1. What number goes with the only condition from (1) surrounded by 10 or more Cβ atoms within 10 Å (Cβ to Cβ); (2) without any contact (Cβ under 8 Å) to a residue 24 or more places away in the chain that residue 71 does not pass?
2. Suppose the filter is surrounded by 13 or more Cβ atoms within 10 Å (Cβ to Cβ) and either under 30 Å from residue 6 (Cβ atoms) or touching a strand residue (DSSP E or B) at 6+ places or on another chain (Cβ under 7 Å) (or both); does residue 83 pass it?
3. Based on this model, can you work out whether residue 16 counts as without any contact (Cβ under 8 Å) to a residue 24 or more places away in the chain and surrounded by 11 or more Cβ atoms within 10 Å (Cβ to Cβ)?
4. Please list, ordered by first then second residue, the pairs with beta carbon atoms under 9 Å, 6 or more apart or interchain, first in the stretch 76-98 and modelled with pLDDT of 80 or more, second outside any helix (DSSP H, G or I).
5. Looking at the stretch 31-62, which of the residues that are in a helix (DSSP H, G or I) and without any contact (Cβ under 8 Å) to a residue 12 or more places away in the chain is surrounded by the most Cβ atoms within 10 Å (Cβ to Cβ)?
6. All but one of (1) part of a helix (DSSP H, G or I); (2) more than 21 Å from residue 7 (Cβ to Cβ); (3) over 11 Å from the mean Cα position of the chain (by Cα) hold for residue 23; state the number of the condition that does not hold.
């Protein structure tokens, strides 16, 4: 498989957004333990998952045991993971024309 600069750029962005999503889940978990602290909205977490950060959000859910009782996270984030995989697949074949 030929790996070129465009693929590495796209893959790097994918990894970075997932790391950001993972650490935002950590920040929200820390803020949830403090009373009166401004929390990160669930809408932002779903936005990050939609914007290719679903793997980071999902890993953060289980590593930090955060948002695991919310049914819409348990169902929605895996569905967004499928959407992210499909979109990356189509972007890859659109750019590289295999």
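The values are calculated or read from the model by the stated rules, or taken from the named source; none is laboratory data. This structure is a prediction, so every number in the text was calculated from the model and none was measured. When we count neighbours, we look across all protein chains shown, and the Cβ atoms used for this are built from the backbone with ideal geometry, even at glycine.
1. So residue 71 meets the others, but not (1).
2. Values: surrounded by 13 or more Cβ atoms within 10 Å (Cβ to Cβ): yes; either under 30 Å from residue 6 (Cβ atoms) or touching a strand residue (DSSP E or B) at 6+ places or on another chain (Cβ under 7 Å) (or both): yes.
Yes: the conditions hold for residue 83.
3. Values: without any contact (Cβ under 8 Å) to a residue 24 or more places away in the chain: yes; surrounded by 11 or more Cβ atoms within 10 Å (Cβ to Cβ): yes.
Yes; evaluated as a whole, the condition is true for this residue.
4. Note: pairs meeting the criteria are 76/70; 77/67.
5. Checking each candidate, the answer is 31.
6. Condition (3) is where residue 23 drops out.
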